[in-house]
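Visitor: Sharing a structure with you now.
The values are calculated or read from the model by the stated rules, or taken from the named source; none is laboratory data. Bear in mind the structure is a predicted one, so any value in this text is a computation, not a measurement. All Cβ positions, even for glycine, are placed from backbone atoms using ideal geometry, and neighbour counts span all protein chains on display.
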Amino acid sequence: MNMDFSSVFTATNNIFFIVIALCLVFGIMRGEIGRGQLVSSLPGVAISLGILGTFYGIFVGLMGFDEAHISESIPELLRGMKTAFATSLAGMSTSIILKFYYSWSDDKSVKASNDPVTSLRRIEDAIVSCFKSDEEYSLVSQVKLIRQELIDSRRETKQAFKEFADEFSKIASASLVDELQKVVNDFNAMLNELVSESFKELSSAMISLNDWQQQYRISIEENQENLKDSYSKMKQLHDTFENVVDRLVQLDGTFESIDQSLTAISVSGAELDEHTKAIASQNMLLESAIKSVRDMGQEASKVVPEISAKMNKIVNEIQVLQTETNDFVGRTTEELSDGFKQLSTEVQNHTKAIEKSLEEELTKSLNSLAGSLSALSGKFASDYLPLTEKLRDVLSIAEGGNGRMG
């Protein structure tokens with residue numbers, strides 16, 4: 001794995017490194033020349049600087065975290081984590097080196113001493129100075145301070161991570177709600193567009209149906225006028241037939257008078273002459289009646305075919321109009337049914353597609369969030385586990401030394 005250490009040496013990190021390095025150099029230089037309280041406290045100062053750098057790195061990482069741009073904020077957070085771990089490692093390493101150096105220097109000075117009494121006094125002074133509980137820089141006080149600082153730092157770190165998790169969860173939830181709102185808005189717009197188009201088609205179909213109804217009404221009115229005209233002509237024909245019947249009745253009376261005249265022909269020549277004149281007049285009347293009947297028959301023969309033709313035409317027009325009406329109603333019903341079926345199918349398909357894409361996006365987001373949190377938790381656990389073990393060892397050593405003193 002390629003590890004790039006150049007990103008660790010930033011301006012802020014270099015300040016912490018320089019101060020910790022000065023503690024290391026100053027402690028090594030003054031460690032052999034009768035260490036005072038300041039020199040003895042340098043390991044604790046180095047640890048405090050490391051802890052300070054740790055919280056500073058976490059603070060900088062969280063301050064640079066932008067909820068609206070999570071992906072762009074991750075590098076800033078990681079840089080803060082690098083600062084935290086780098087300064088912590090530098091401070092603890094410096095403290096361990098100084099403590100080992102002080103121990104080695106003490107062992108060396110003990111071996112080099114030729115005066116046992118002086119050596120014993122020096123050891124006694126060192127032990128007293130280290131374990132005096134009333135002094136600020138004694139070993140017990142420093143261990144207690146370190147333990148308290150570690151407890152506080154652990155509590156603050158836990159609180160910071162809890163706040164970070166809560167904030168990260170809120171950000172993720174807000175982003176998810178925004179995406180869901182966008183998807184719902186797009187779905188509503190698409191549904192409104194589909195419904196609008198369907199209603200436009202339905203409106204045009206209703207307009208066509210209204211136009212057809214108007215045309216049908218006009219055709220019915222024309223047929224009514226034709227029926228009225230036919231009725232009037234039929235009435236005229238009826239009147240003509242009644243006139244013919246009346247003329248035939250008159251003709252029957254004329255025939256009866258002729259018969260009476262023929263029976264009385266033997267009365268006298270004068271009466272015969274009169275009867276002849278009457279017959280002549282009756283013949284004239286008969287001729288006129290026959291002529292009237294012939295004229296009426298001719299007129300009836302002209303009117304009846306015309307009426308029959310018009311009736312047949314009206315019946316045919318009504319049949320054609322009924323057929324067209326049935327076809328148009330069936331076609332319109334079929335088109336409306338197909339349109340609603342197509343609209344229902346399209347809405348169902350769009351709904352399924354949107355639900356599927358939404359489910360996939362939610363699954364991806366949740367998987368990515370779970371992976372990021374798992375990796376981040378694993379990284380913190382793996383980095384802080386050695387530090388916790390070492391601090392536990394230090395506390396065990398300090399408590400063991402305090403128990404031996406008691």
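Visitor: Give the number of residues within region 184-198 that are more than 20 Å from Glu359 (Cα to Cα) and surrounded by 12 or more Cβ atoms within 10 Å (Cβ to Cβ).
Guide: The number of residues fulfilling the criteria is 4.
Visitor: Among the residues of region 188-204, write down those that are hydrophobic (A, V, I, L, M, F, W, C) and either at pLDDT 75 or above or outside any helix (DSSP H, G or I) (or both). Steps first, please.
Guide: We begin by selecting, within region 188-204, every residue hydrophobic (A, V, I, L, M, F, W, C); these are 189-191, 194-195, 199, 202.
Ala189, Met190, Leu191, Leu194 - these are the residues of region 188-204 that are hydrophobic (A, V, I, L, M, F, W, C) and either at pLDDT 75 or above or outside any helix (DSSP H, G or I) (or both).
Visitor: Here's a follow-up. Mind listing just one residue for me: the one in region 56-74 that is surrounded by fewer than 17 Cβ atoms within 10 Å (Cβ to Cβ) and over 23 Å from Gly371 (Cβ atoms) and, of those, modelled with the highest pLDDT?
Guide: Per the stated criteria, the residue is Phe59.
Visitor: Go through region 90-105 and report how many residues are surrounded by fewer than 19 Cβ atoms within 10 Å (Cβ to Cβ) and out of contact with any helix residue (DSSP H, G or I) (no Cβ under 7 Å at 6 or more places or on another chain).
Guide: Residues meeting the conditions: 6.
Visitor: Check region 127-147 and report whether any residue there is modelled with pLDDT under 75, in a helix (DSSP H, G or I) and in contact with a Gly (Cβ under 6 Å, 6 or more places away or on another chain). Reasoning before the result, please.
Guide: Of region 127-147, the ones modelled with pLDDT under 75 are 127-143.
Still in the list and also in a helix (DSSP H, G or I): 127-131, 139-143.
This time we only want the ones that are in contact with a Gly (Cβ under 6 Å, 6 or more places away or on another chain), so: 142.
Among the residues of region 127-147, at least one is modelled with pLDDT under 75, in a helix (DSSP H, G or I) and in contact with a Gly (Cβ under 6 Å, 6 or more places away or on another chain), which makes the answer yes.
Visitor: Restricting to region 192-224, name every residue that is under 15 Å from Val320 (Cα atoms), touching a residue at least 12 places away in the same chain (Cβ under 8 Å) and among the polar types (S, T, N, Q).
Guide: Matches in region 192-224: Ser219, Asn223.
Visitor: Now a separate question. When residues of region 13-31 are filtered for being β-branched (Val, Ile, Thr) and free of Cβ contacts under 8 Å to residues at least 24 places away in the same chain, how many remain?
Guide: First, the residues of region 13-31 that are β-branched (Val, Ile, Thr): 15, 18-20, 25, 28.
Now restrict to residues that are free of Cβ contacts under 8 Å to residues at least 24 places away in the same chain: 15, 18, 25.
Residues flagged as β-branched (Val, Ile, Thr) and free of Cβ contacts under 8 Å to residues at least 24 places away in the same chain within region 13-31 amount to 3.
Visitor: Determine which member of the set Ile47, Ile20, Ile33, Ile15 is at pLDDT 75 or above, surrounded by fewer than 16 Cβ atoms within 10 Å (Cβ to Cβ) and either closer than 30 Å to Asp106 by Cβ or within 60 Å of the chain's Cα centre (by Cα) (or both). Give the derivation first.
Guide: Details: Ile47 fails: surrounded by fewer than 16 Cβ atoms within 10 Å (Cβ to Cβ); Ile20 fails: surrounded by fewer than 16 Cβ atoms within 10 Å (Cβ to Cβ); Ile33 fails: at pLDDT 75 or above.
Sole residue among the options that is at pLDDT 75 or above, surrounded by fewer than 16 Cβ atoms within 10 Å (Cβ to Cβ) and either closer than 30 Å to Asp106 by Cβ or within 60 Å of the chain's Cα centre (by Cα) (or both): Ile15.
Visitor: Search region 219-233 for residues being among the hydroxyl-bearing types (Ser, Thr, Tyr) and out of contact with any helix residue (DSSP H, G or I) (no Cβ under 9 Å at 6 or more places or on another chain), and hand back the single one that is modelled with the lowest pLDDT. Spell out the reasoning first.
Guide: So in region 219-233, the residues among the hydroxyl-bearing types (Ser, Thr, Tyr) come out as 219, 230-232.
Going one step further and asking which of them are out of contact with any helix residue (DSSP H, G or I) (no Cβ under 9 Å at 6 or more places or on another chain), we end up with 231-232.
On the way: Tyr231: 72, Ser232: 80.
Per the criteria, the residue is Tyr231.
Visitor: While we're on this one: In region 318-341, what residues are surrounded by 13 or more Cβ atoms within 10 Å (Cβ to Cβ) and at pLDDT 75 or above?
Guide: Glu324, Glu335
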